[in-house]
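Just so it is clear, none of the values below were taken in a lab; they were calculated from the coordinates. The shown structure was predicted, so the numbers you read here are calculated from the model rather than taken from an experiment. Positions of Cβ are generated from backbone atoms using ideal geometry, with glycine treated the same way; all protein chains shown enter the neighbour counts.
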Amino acid sequence: MAESATGFTDAALHDPEKPDQGSCPAWGAVISLALGTFGLVTAEFLPASVLTPLAHDLGITKGAAGQALTATAIAGAISAPTMAIITRRLDRKIVIWAMTLLQILSNVLAEVAWSLPVFLTARVVLGIALGGFWSISAALAMRLVPSHLLPRAMSIIITGVSVAIVCAPPVGAYVGEIWGWRAAFMIAVFVNAITLLVQLITIPTLPPIEVATFRSLLDAAKNPTTRIAYLVVLLVASGHFASFTYIRAFLEKVPALDIETISLVLLASGIGGFFGNLAGAFLGKHSLKAVAALPPLLIAIAAVSLLTVGASASASAIAVAVWGFAFGAVPVGLQTWMVLRAAPEQAESAGALMTVTFQLAIAAGAIFGGLLVDNAGVASVFAYSAAATFLAVLTVFVLGPKRET
């Protein structure tokens with residue numbers, strides 16, 4: 001099968017059976033998907049930025065509060081393939097609308113939560129929305145714009161992740177300190193409402209093309225390239241989230257920063273993530289091995305730096321910013337590797353499996369990180385992160401893509 005300069009197969013880009021790929025790009029719909037990614041990522045990672053007041057208010061340990069990420073991740077992992085199959089006959093715009101409504105419900109429940117079980121229920125609802133959205137977002141981008149504009153469309157959608165990484169941690173931490181952690185979730189509800197309005201106006205009718213089944217998911221999983229990519233995702237994401245969930249607790253205890261400084265450090269991390277996203281898009285066009293190996297290597301270096309010189313406020317700030325830059329490059333690079341390049345003809349199935357892998361990695365990292373924090377101290381999670389991400393680097397170099405693009 002021929003492959004274009006962007007790395008997408010010609011068959012995938014010019015399939016005559018895909019009438020959505022017409023000459024008029026649906027940029028409004030693409031922007032609405034970017035808003036969707038922004039809302040999802042903001043809501044998913046809010047607990048990390050308000051971890052301390054949340055745990056205090058609900059009367060639980062920080063390790064237990066960190067399991068909010070675990071609940072979301074497990075629900076997302078189950079939801080991705082399940083929603084792909086359950087909704088296989090539905091118009092894709094209806095699926096997107098439903099996922100945004102679930103986001104709104106989740107954030108409302110989180111805002112009024114009076115106990116850990118209620119809060120975790122809210123996070124499960126968010127996980128269902130997350131799994132359903134991410135499993136089809138890349139495939140929808142392939143149908144909303146002509147083939148030559150596909151890289152730009154994916155960049156816009158992933159920009160929602162980058163902006164959330166920039167805004168959510170510092171804004172969540174600051175709002176949580178000034179107005180309380182519940183106010184942060186109410187802001188997320190407002191963002192979700194705007195997103196739904198834009199989606200109702202802009203997303204065109206998109207009848208399903210690829211009918212997802214358990215067999216199609218298994219077929220996508222048999223691709224040797226995606227198998228290695230999934231392993232890299234497991235290592236990088238588990239290593240990242242084992243410690244990212246507790247970064248505020250670390251900054252409060254080791255360099256002993258105040259909330260204003262922590263907000264600035266998290267802002268620097270978010271800005272680093274934004275530029276990391278751009279760097280990942282650039283590297284993905286030139287070298288799959290580089291975009292897969294360099295980000296986890298930088299995360300490993302940052303984790304070691306926090307362990308060795310983390311007591312220095314400036315050293316911690318630099319390490320967290322580098323960490324944010326590195327992880328910002330991960331999503332766009334691995335999206336290119338797995339969904340759009342390894343299996344473009346099975347975009348929804350591959351996307352669902354990628355979402356499962358990523359969410360399982362988040363869950364594993366958050367669970368293990370919580371155990372480490374409660375039993376060995378907050379610094380211990382960074383040792384695990386360094387080991388996992390360095391192993392990911394070795395995996396890429398030994399088993400990763402051989403052909404440079």
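Overview of values
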| quantity | calculated |
| --- | --- |
| For region 25-399, the fraction of alpha-carbon pairs in successive 10 Å shells from zero, as % | 6, 26, 37, 24, 7, 0 |
| Approximate shape of region 261-330 as ellipsoid semi-axes (Cα gyration tensor, √5λ), whole Å, largest first | 23, 14, 5 |
| Relative exposure of Cys24, Cys167, judged by other C-beta atoms within 10 Å (fewest first) | Cys24, Cys167 |
| Thr225, Thr72 arranged by Cβ crowding within 10 Å, fewest neighbours leading | Thr225, Thr72 |
| Per-selection Kirkwood Rh - region 30-115 (Cα, Å, 1 d.p.) | 14.5 Å |
| Sorted by Cβ density within 10 Å, fewest first, the residues His286, His240 | His286, His240 |
